[in-house]
Amino acid sequence: MRALALSTCLLLGACATADNRDPFERINRHIFEFNDAMDAGIIRPAAESWRATVPEPARRGIRNALNNLQEPVVFINNMLQFRLADAGTTLLRFSMNTTVGVLGVMDVATQAGHPQRLGDFGQTLYAAGFGDGPFLMLPLLGPSNVRDAIGGGVDSFIDPVGYAIGHAVPRTAATGVGIGRGVIQGIDLRAENIENLDALRADSLDYYARLRSIMQQRRDAQLGRTTEGGEGLMTLDDPGG
């Protein structure tokens, strides 16, 4: 694990001056075609069924609860970036929503004037000076880059909720819970973006290139970088799944 971490840091250091170019476009487009086929055959139908059978208030409650489970990871990354005020807000949010908000089903913290803060390990690496690295289209997970793909893996590894579940139930059950958590979150996100992605596809001469551009611009905004003529989608985070 330490050797992997060292090689990762060396890779990121080598990519520190890279921009958002797409040197792996050929293979990325093949992966995108796979994702698109999976979306048409499985993910979108599941999202449509989810939206048709689960009332919107229930979907919102599930979404809030899943977002609440991410707060410990956000807190860790806030601390790693020395964003102490954001870390305090994140801790307050987790405490309020877990207790008063009934395990996060109700986002009472936002209603009380404490909106959610951003914090992931890709952002932490960016704050430490690491560049994006080449654009990547990940199977099922959608658009990313080298730094953020590695960051997502680290976030999963350091997730305190995952560790707590792993100690509370057998390993097989814990793995099932983790997979189920990700699947529900992905399907709900896809359900929230059915019309957004339909409009994006209809308005695009090159759907892959348009989606790549939008996701890069959205990440720039999250990292505090500015872009000219930026565009974005209201809720889209993970179009691949």
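The values are calculated or read from the model by the stated rules, or taken from the named source; none is laboratory data. All values derive from a computational prediction rather than experimental measurement. Cβ coordinates were reconstructed from backbone atoms using ideal geometry, including for glycine residues, and neighbour counts include every protein chain displayed. Side chains are part of the model used for accessible areas, which takes the heavy atoms of the whole protein and leaves out ligands, DNA and RNA. Shrake-Rupley method; radii C 1.70, N 1.55, O 1.52, S 1.80 Å.
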Checklist entry - Does residue 64 meet the test of being open to solvent by less than 20 Å² (accessible area, probe 1.4 Å) and either touching a residue at least 24 places away in the same chain (Cβ under 8 Å) or under 19 Å from residue 191 (Cα atoms) (or both)? => result no
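Determine which member of the set 109, 47 is in contact (Cβ under 8 Å) with a residue 60 or more places away in the chain, over 21 Å from residue 152 (Cα atoms), of a type outside the set (Ser, Thr, Tyr) and crowded, with 17+ Cβ neighbours inside 10 Å. Spell out how you get there, then give the answer.
On the way: 109 fails: in contact (Cβ under 8 Å) with a residue 60 or more places away in the chain.
It is 47.
Taking the conditions exactly as written (of a type in the set (S, T, N, Q) and outside any helix (DSSP H, G or I)), does residue 213 satisfy them or not? Full working, then the answer.
Details: of a type in the set (S, T, N, Q): yes; outside any helix (DSSP H, G or I): no.
No; evaluated as a whole, the condition is false for this residue.
Determine whether residue 204 is part of a loop (DSSP other than H, G, I, E, B), surrounded by fewer than 16 Cβ atoms within 10 Å (Cβ to Cβ), at pLDDT 90 or above and hydroxyl-bearing (Ser, Thr, Tyr). Before you say what the answer is, go through the steps one by one.
Working: part of a loop (DSSP other than H, G, I, E, B): yes; surrounded by fewer than 16 Cβ atoms within 10 Å (Cβ to Cβ): yes; at pLDDT 90 or above: yes; hydroxyl-bearing (Ser, Thr, Tyr): yes.
Criteria met by residue 204.
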Checklist outcome for this item: The condition from (1) within 20 Å of the chain's Cα centre (by Cα); (2) of a type in the set (Lys, Arg); (3) outside any helix (DSSP H, G or I) that residue 21 misses is numbered (1)
Next on the checklist: Take residue 221 and tell me if it is open to solvent by 40 Å² or more (accessible area, probe 1.4 Å), hydrophobic (A, V, I, L, M, F, W, C), out of contact with any strand residue (DSSP E or B) (no Cβ under 6 Å at 6 or more places or on another chain) and modelled with pLDDT under 95.
Outcome noted: yes
Checklist entry - Given region 112-179, what helices (runs of 4 or more DSSP H) lie entirely inside it while holding 3 or more residues that are at pLDDT 95 or above and within 15 Å of the chain's Cα centre (by Cα)? => result 121-127, 146-158
Checklist entry - Regarding residue 53, is this residue modelled with pLDDT of 95 or more and either open to solvent by 90 Å² or more (accessible area, probe 1.4 Å) or over 27 Å from residue 148 (Cα atoms) (or both)? => result yes
